[in-house]
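I have placed the structure first, in the form of structure tokens, so that the comments after it can refer back to it.
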Amino acid sequence: KIEGLIRPLSATAYHPIKVGIENELNLIATFYEHGIGCKAKGKHYKTFLQVDNKDTNRIFNLPTLRTASAFAALLVLEYPSITQSWLEKWELYDKNGNMTGFRQSGDKWIITSVKDRRGSELAQQNVNLTESGKKIVEIFIEHTRFAREAMKQNGDDGWRYMLVSSTINKAYRRKAPLSPSDYSYLSENEDLNDIKIQSLKNQTSPKTIRKVRGIQIYLETKSISAVSQSLGHVSTNHKTLSHYLPSSLIDFFNDRWIRQYQNAILFES
């Protein structure tokens with residue numbers, strides 16, 4: 001529930017209902033009443049709202065590159081079969097407006113997109129959600145709802161896709177937001193040039209997270225097949241897996257197993 005007062009678009013500078021940062025409740029109520037991309041008479045929208053660009057995403061809780069990146073990271077951590085391409089092509093709604101990218105099937109909830117590398121017949125890839133995964137998806141759907149509605153009203157077909165972003169002036173589909181250089185969770189007081197921060201930031205892309213999860217699963221299971229299955233590969237391909245598992249790690253365990261086998265034979269003898 002929004003408790004502030006709504007400033008009409010026709011308001012003059014001396015109107016009793018004030019907006020701006022100092023009147024945050026009125027500001028939020030006014031924005032959500034007039035919507036994204038509203039044309040205030042004779043004024044830029046941010047001038048009418050009396051805000052700077054740096055304030056708007058936080059105050060209005062708009063979906064941005066940062067929130068899309070965080071959502072993607074959380075999802076890939078839990079489901080490493082999800083790739084960047086899968087995320088970018090994820091259609092939440094079909095062309096008839098039916099929610100097909102997130103749906104219930106029996107007692108399970110499923111998210112669906114495509115992974116072209118699997119070939120045309122296997123391109124569609126379903127991911128069965130745990131309760132926590134379902135919650136992550138539901139939160140992001142709610143987070144993008146206002147922006148999605150604005151796109152739909154403007155006839156922008158991008159509203160159907162899961163990853164959307166918005167400013168106060170425009171909502172749009174984010175087609176390719178998730179390269180390592182785009183990731184940033186830094187506060188205003190942190191140094192963008194700090195080597196440690198840059199190194200950490202580069203570990204949060206879907207590709208890097210999948211590599212980390214692949215190594216983690218291998219250490220837990222000692223199984224190449226388990227890694228391949230968790231990453232959503234059609235079959236176990238050692239060449240493909242070499243992009244995720246360091247050869248030195250595999251060599252270490254292979255040598256260890258060989259030594260254990262040899263010791264077992266000597267013991268039996």
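For E24 and L9, the difference between the fully extended length at 0.36 nm per residue and the C-alpha to C-alpha distance is 3.7 nm. Modelled spin-label separation between V212 and N96, with each label point placed 7 Å from Cα along the Cα-to-Cβ direction: 4.1 nm. Per-residue extension of 0.36 nm, minus the Cα-Cα distance of N61 and R103, leaves a gain of 12.6 nm for this segment. At full extension, K175 and E220 could sit 12.7 nm farther apart than now, given 0.36 nm per residue minus the alpha carbon distance. Any idea how far apart I139 and D156 come out in nm if each label point goes 7 Å out from Cα toward Cβ? It is 2.5 nm. Sequence-distant contacts, meaning Cα pairs under 8 Å at least 6 residues apart, place the relative contact order of segment 1-160 at 15 percent.
Using a ≥ b ≥ c from the Cα gyration tensor of segment 63-149 (square roots of the eigenvalues), is it rounded, prolate or oblate, where a/c under 1.5 gives rounded and otherwise the larger of a/b and b/c decides, a/b for prolate? Since a/c stays below 1.5, the shape of segment 63-149 is classed as rounded.
Bear in mind these aren't lab numbers, they're just calculated from the coordinates by the rules spelled out. As the structure is a computational prediction, the values presented were derived from the model and not from experiment. Please note: Cβ atoms are built from the backbone with ideal geometry, for glycine as well, and neighbour counts cover all protein chains shown.
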